[in-house]
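Student: My questions will all concern the structure given below.
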Amino acid sequence: MPSSNNGIIDHFNELSSTGRWSAAYAAVGAMNYHMPLRRLRVMELLPEQLGRVLDVGCGPGVFVEGLLRRGATYTGIDISPQMIMEAQSKFARYKNVEFRLGTIESLRLAANSYDHVIAVGLLEYLSDLGNELKAMFKVLRPGGTAVLTIPKRWHIDRLTGDLTAPARAIARLFAQGTSDGIPRVRLQPNELDQLSLQAGFRRVDGSLYYFTPFTYPLHRLAPKLCMKLNLPFNRWYKARDPIRSFFAHGYIGYYRKM
């Protein structure tokens, strides 16, 4: 993790205490439909029958119910105390579910103890992805799988954002910005694949998510219309060509421990 996690912990504590993180996954909405889409793509990559699953950066447990329906025994870990408290309050009655506060390193999880690891919305906050991937490799049994997500460094919104930077700077003088100010790691799919390979994983499959050919500032000016226009393009999630993949915001890699 970064040398100082305080800003990240405070950010996710606040998202949990206000209920905004759970609400973003609860239903498809004009400003947050990418999060249910990302969860859908992750679940499509996982096997229909699961064993022991470790959810690294679990938040309030947005994957719990879907994983349990596939027979999983679930462990979720997170560095946000508020997220862990929210998750425990939601799923206290469930069997085969536990939540623990900490990181994959600090909790000293046993080697070769999980069949699957998922890390959704986590890697972008880490300063040392290599060590985190090695830690995931260690806790997975031989042949176990990992599903990892990362925002892409190059996509259409990054381009339009740069082109409209002067206008956005002026707009911020008259209205409060929506950015949380936390720096994020962004990688292209081949970069995450390569880092995973160096940690001992072999790529099995992958998906792109959140395609926005109709992009900024339309989603600010007319979010419902923008969602309606963009949703059909999410059928490109298996695209590997540079043109279609440029319209995707994120990548999900599916890897096996060699």
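Student: Would you check if Leu37 is touching a Phe, Trp or Tyr at 6+ places or on another chain (Cβ under 9 Å) and over 26 Å from Gly181 (Cβ atoms)?
Tutor: Here the answer is no, as Leu37 does not meet what is asked.
Student: Among (1) modelled with pLDDT of 95 or more; (2) loosely packed, with under 14 Cβ neighbours inside 10 Å; (3) over 18 Å from the mean Cα position of the chain (by Cα), where does Gly200 come up short?
Tutor: (2)
Student: Checking the conditions here, which among Lys257, Lys224 is of a type outside the set (S, T, N, Q) and either out of contact with any helix residue (DSSP H, G or I) (no Cβ under 9 Å at 6 or more places or on another chain) or without any contact (Cβ under 8 Å) to a residue 24 or more places away in the chain (or both)?
Tutor: Lys224
Student: Filter segment 100-133 down to residues that are polar (S, T, N, Q) and more than 22 Å from Ile84 (Cα to Cα), then give me how many there are.
Tutor: Within segment 100-133, residues that are polar (S, T, N, Q) and more than 22 Å from Ile84 (Cα to Cα) number 3.
Student: Looking only at residues in segment 69-115 that are over 18 Å from the mean Cα position of the chain (by Cα), surrounded by 14 or more Cβ atoms within 10 Å (Cβ to Cβ) and of a type in the set (Gly, Ala, Ser), which one is nearest to Ala23 (Cα to Cα)?
Tutor: Filtering first and then ranking leaves Ala72.
Student: Assess whether Tyr216 counts as being at positive phi and in contact (Cβ under 8 Å) with a residue 40 or more places away in the chain.
Tutor: no
Student: Has segment 135-146 got any residue that is at pLDDT below 85, surrounded by 13 or more Cβ atoms within 10 Å (Cβ to Cβ), part of a helix (DSSP H, G or I) and out of contact with any Lys or Arg (no Cβ under 9 Å at 6 or more places or on another chain)?
Tutor: No, because not a single residue in segment 135-146 is at pLDDT below 85, surrounded by 13 or more Cβ atoms within 10 Å (Cβ to Cβ), part of a helix (DSSP H, G or I) and out of contact with any Lys or Arg (no Cβ under 9 Å at 6 or more places or on another chain).
Student: Just one of Pro60, Pro47 is in contact with a Lys or Arg (Cβ under 9 Å, 6 or more places away or on another chain), crowded, with 17+ Cβ neighbours inside 10 Å and under 30 Å from Leu231 (Cα atoms); which is it?
Tutor: Pro60
Residue by residue, here is whether (1) out of contact with any Ser or Thr (no Cβ under 6 Å at 6 or more places or on another chain); (2) of a type outside the set (S, T, N, Q) holds:
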| site | (1), (2) |
| --- | --- |
| Ser22 | yes, no |
| Met31 | yes, yes |
| Pro47 | yes, yes |
| Asp55 | yes, yes |
| Pro60 | no, yes |
| Arg70 | yes, yes |
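Student: If you don't mind, another one. Against the condition among the small types (Gly, Ala, Ser), in contact (Cβ under 8 Å) with a residue 60 or more places away in the chain and assigned to a helix (DSSP H, G or I), how does Ser207 come out, does it pass?
Tutor: In short, no.
Student: Something else now. Sort out which residues of segment 115-134 are more than 21 Å from Ser207 (Cα to Cα) and in a loop (DSSP other than H, G, I, E, B), and write them in order of number.
Tutor: Leu126, Ser127, Asp128, listed by residue number.
The values are calculated or read from the model by the stated rules, or taken from the named source; none is laboratory data. In this text the structure is predicted, and so the values were computed from the model without any measurement. Neighbour counts are summed over all protein chains in view; Cβ atoms, including those assigned to glycine, are modelled from backbone coordinates with ideal geometry.
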